[in-house]
Ligand SMILES: Nc1ncnc2c1ncn2[C@@H]1O[C@H](COP(=O)(O)OP(=O)(O)OP(=O)(O)O)[C@@H](O)[C@H]1O
Ligand SMILES: Nc1ncnc2c1ncn2[C@@H]1O[C@H](COP(=O)(O)OP(=O)(O)O)[C@@H](O)[C@H]1O
Ligand code: SF4
Ligand SMILES: [Mg+2]
Ligand SMILES: [Mg+2]
């Protein structure tokens, strides 16, 4: 049996908040274990409470933060002892929560793509880098012509997020860690992005850790899911089974809190009311 | 719409145009992100602004909030507030000092909200800096008010001790919302304030916003691409496409019976838990606002497009007492 692509065992992360002096300690991630991609490429969704440790978990998987306890293995190798940093980054690519924070406001966005193409895709010339960039952008419904020379503030949140996804694709990674990749984009763009994730899994064999607050897309694309609250996993398993029939009280509450677009039109005449 | 003594709207936006003036490789061009938008918001009303990513929602909202910075420039039109008889016209010759009305009268929750928080100062200090002088209470009482307000947003009082980078994205977003609402301003402008929240917290935040709005009868412009949020929160809804307002009316009416083909598409494409097959997407992509199509900007993607749509720009016309739409197919007598 081969090792899974990614394996977390009993991972924890402790932060101290508010500075060393007055600070208090917080277990942002508290004993999380799961595997991704044991039986081939898969989309693994992490959903749950705001502040429950999802982004912290993503940072640890990307090896930009280190666990306070527990182990993370990538292709069987412990991230803690990892030497080939560049090789790891080529295989595991991030997409961040807030595209406005992910890009340096003083840097043109196409630079990121050229840089990634040179660094991770072996582009030797500017023209080659441009080709890589354009191909990746087209996969997300943009083109190099549209974003060439633009600064981040010249693009909308949705456009920026698509650039971020395109950038991740250039390296041809085995694993993409996508932290709320669609929270800034509208429903139809959202569908086209998650459909893209499906294609990546099915055609390119990429596994995806998909962190989201959107239960509908989690249901639609994920193979397996974990639901987090206060640093812990409250429920985990096959995505559709869990979302169809959640067992843990928190999961049930979460599912019930999804706003239905139909409610207002049907029930409340001209003045919709939040309950 | 002539009800005689109808109270004056709190906000009146007339023929507003705001363009980004960019210079790229020696070529000047305008990104026409807000092009001829006219709307008003009544007292005690929540006005929702919908539309797909990059259609110009944020730009419109920035212009209304007076948060204009180059290369964004107001090209024409007006934005006028009426705070209990005190008229403030933002783009007049003698435009007012915005600092005068910020926080107390008008507060603006920016998209990606991070920017109001000083990264080097604890959250507590941001509250003191912005809100303390508007609340007229001694410091201890002021902080109690702030803590109580944070709890309504599902935030523990400890966040006051934290630095912004120590909070999760959703926590920061809520801190920004708390900051903008704690002074109970008469007019709140919120740009995608709940996109980074889990659905339970989102519901709490929307309920809080609604409560604050009711308690003081303030008005609100609420921007989101999430139609389900609009459906549950907003009294009236304006739908934007490619820099223009294309439909506006009571939320329930629009959801039940959208008149613009683009609105109809937005509503039909709403994802629901349980979907396993892809929804039908619109053909094509949103137009470039630097070079938008002539005529109706939606015509290259519109299933109902006619000849006239390629030549002429449909104006917003009334199709009901409070329902306007800019589409030839929806305006009786305009078909050809
Ligand atoms: N750099 C940091 N220093 C101290 N505490 C942190 C840091 N980053 C995160 N935290 C804390 O860790 C907890 C988990 O944060 P994290 O960003 O992982 O949440 P999340 O699940 O991604 O939430 P959201 O859905 O709002 O993005 C929070 O309580 C947060 O305050
Ligand atoms: N600072 C800027 N300079 C040039 N163009 C911009 C700038 N900011 C936004 N734009 C462009 O204006 C359009 C509208 O953007 P925005 O108002 O952010 O849309 P939305 O909020 O609806 O997603 C987009 O085409 C975007 O690329
Ligand atoms: S005006 Fe014409 S192109 Fe535009 S939405 Fe109406 S039918 Fe479609
Ligand atoms: Mg997060
Ligand atoms: Mg926006």
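Can we say residue B:206 is within 15 Å of the chain's Cα centre (by Cα), facing chain A (nearest Cβ under 9 Å) and within 25 Å of residue B:50 (Cβ to Cβ)? Please lay out each step first, then the result.
On the way: within 15 Å of the chain's Cα centre (by Cα): yes; facing chain A (nearest Cβ under 9 Å): yes; within 25 Å of residue B:50 (Cβ to Cβ): yes.
The answer is yes for residue B:206.
Go through segment A:174-189 and give me each residue that's more than 7 Å from chain B (Cβ to nearest Cβ) and either away from ligand 1 (no atom under 16 Å from the Cβ) or farther than 19 Å from residue A:48 by Cα (or both).
First, the residues of segment A:174-189 that are more than 7 Å from chain B (Cβ to nearest Cβ): A:174-179, A:181-182.
Those that are more than 7 Å from chain B (Cβ to nearest Cβ) and either away from ligand 1 (no atom under 16 Å from the Cβ) or farther than 19 Å from residue A:48 by Cα (or both): A:174, A:175, A:176.
Restricting the search to segment B:255-267, which residues are away from ligand 3 (no atom under 15 Å from the Cβ) and either closer than 19 Å to residue A:189 by Cβ or crowded, with 24+ Cβ neighbours inside 10 Å (or both)? Walk me through how you get there before you give the answer.
Pass one, segment B:255-267, residues away from ligand 3 (no atom under 15 Å from the Cβ): B:255-257.
Within segment B:255-267, B:255 is the sole residue that qualifies.
Checking the condition at negative phi, within 16 Å of ligand 4 (Cβ to nearest atom), at pLDDT 90 or above and more than 8 Å from chain A (Cβ to nearest Cβ), which residue from B:175, B:199, B:182, B:223 passes? Walk me through it before giving the result.
Values: B:199 fails: more than 8 Å from chain A (Cβ to nearest Cβ); B:182 fails: within 16 Å of ligand 4 (Cβ to nearest atom); B:223 fails: within 16 Å of ligand 4 (Cβ to nearest atom).
Answer to the check: B:175.
I'd like to check which helices (runs of 4 or more DSSP H) are fully inside segment A:1-116 and have at least 2 residues that are touching a residue at least 12 places away in the same chain (Cβ under 8 Å). Break it down stepwise before answering.
Numbers: elements: A:19-22, A:54-61, A:85-91, A:99-102.
Because the criterion is at least 2 residues that are touching a residue at least 12 places away in the same chain (Cβ under 8 Å), the helices (runs of 4 or more DSSP H) in segment A:1-116 that meet it are A:54-61, A:85-91, A:99-102.
So which residues in segment B:156-181 are within 13 Å of residue B:124 (Cα to Cα) and under 24 Å from the mean Cα position of the chain (by Cα)?
B:172, B:175, B:176, B:178, B:179
So, restricting to helices (runs of 4 or more DSSP H) that lie completely within segment B:250-311, which ones have at least 3 residues that are within 14 Å of chain A (Cβ to nearest Cβ)?
Working: elements: B:251-256, B:261-268, B:307-311.
Answer list for segment B:250-311: B:251-256, B:261-268.
Within the bounds of segment A:117-126, is there any residue that is within 28 Å of residue A:190 (Cα to Cα), free of Cβ contacts under 8 Å to residues at least 40 places away in the same chain and touching a helix residue (DSSP H, G or I) at 6+ places or on another chain (Cβ under 8 Å)? Spell out the reasoning first.
Going through segment A:117-126, the residues within 28 Å of residue A:190 (Cα to Cα) turn out to be A:117, A:120-121.
From the residues that got through so far, the ones that are free of Cβ contacts under 8 Å to residues at least 40 places away in the same chain too are none.
Looking for residues that are within 28 Å of residue A:190 (Cα to Cα), free of Cβ contacts under 8 Å to residues at least 40 places away in the same chain and touching a helix residue (DSSP H, G or I) at 6+ places or on another chain (Cβ under 8 Å), one finds none in segment A:117-126, hence no.
Given the conditions (1) more than 21 Å from residue B:20 (Cβ to Cβ); (2) at pLDDT below 95; (3) more than 16 Å from ligand 4 (Cβ to nearest atom); (4) buried (at least 17 other Cβ atoms within 10 Å of the Cβ), and given that residue A:126 satisfies all but one, which numbered condition is not satisfied?
It is condition (4) that residue A:126 fails.
Just for segment B:216-234: of the residues that are in a loop (DSSP other than H, G, I, E, B) and away from ligand 5 (no atom under 16 Å from the Cβ), which one is nearest to the chain's Cα centre (by Cα)? If you could, list the steps in order and put the result at the bottom.
Restricting attention to segment B:216-234, the residues satisfying the condition of being in a loop (DSSP other than H, G, I, E, B) are B:217-218, B:224-226, B:234.
Among the residues that remain, those that are also away from ligand 5 (no atom under 16 Å from the Cβ) are: B:217-218, B:234.
On the way: B:217: 18, B:218: 15, B:234: 11 Å.
Applying the filter and picking the extreme gives B:234.
Within segment B:312-326, which residues are in contact with a strand residue (DSSP E or B) (Cβ under 8 Å, 6 or more places away or on another chain) and either within 14 Å of chain A (Cβ to nearest Cβ) or loosely packed, with under 14 Cβ neighbours inside 10 Å (or both)?
Within segment B:312-326, B:318, B:320, B:322, B:323 meet the criteria.
Where residues in segment B:155-172 are facing chain A (nearest Cβ under 8 Å) and outside any loop (DSSP other than H, G, I, E, B), which of them is surrounded by the most Cβ atoms within 10 Å (Cβ to Cβ)? Give the steps one after another, and end with the answer.
Residues of segment B:155-172 facing chain A (nearest Cβ under 8 Å): B:158, B:161-163, B:166-171.
Now drop any that are not outside any loop (DSSP other than H, G, I, E, B), which leaves B:158, B:161, B:166, B:169-171.
Values: B:158: 15, B:161: 16, B:166: 20, B:169: 24, B:170: 28, B:171: 23.
Selected residue: B:170.
Only one of these conditions is not met by residue B:329: (1) within 30 Å of residue B:219 (Cα to Cα); (2) surrounded by 16 or more Cβ atoms within 10 Å (Cβ to Cβ). Which number is it?
Failed condition: (1).
Can you say whether residue B:190 is touching a residue at least 24 places away in the same chain (Cβ under 8 Å), more than 18 Å from residue A:212 (Cβ to Cβ) and within 9 Å of another protein chain (Cβ to nearest Cβ), as far as the supplied structure shows? Can you show your working first?
Working: touching a residue at least 24 places away in the same chain (Cβ under 8 Å): yes; more than 18 Å from residue A:212 (Cβ to Cβ): yes; within 9 Å of another protein chain (Cβ to nearest Cβ): no.
Spelling it out, it is not the case that residue B:190 is touching a residue at least 24 places away in the same chain (Cβ under 8 Å), more than 18 Å from residue A:212 (Cβ to Cβ) and within 9 Å of another protein chain (Cβ to nearest Cβ).
The values are calculated or read from the model by the stated rules, or taken from the named source; none is laboratory data. None of the values given here were measured: they were computed from a predicted structure. No Cβ is skipped: glycine too gets one built from the backbone with ideal geometry, and neighbour counts run over all protein chains shown.
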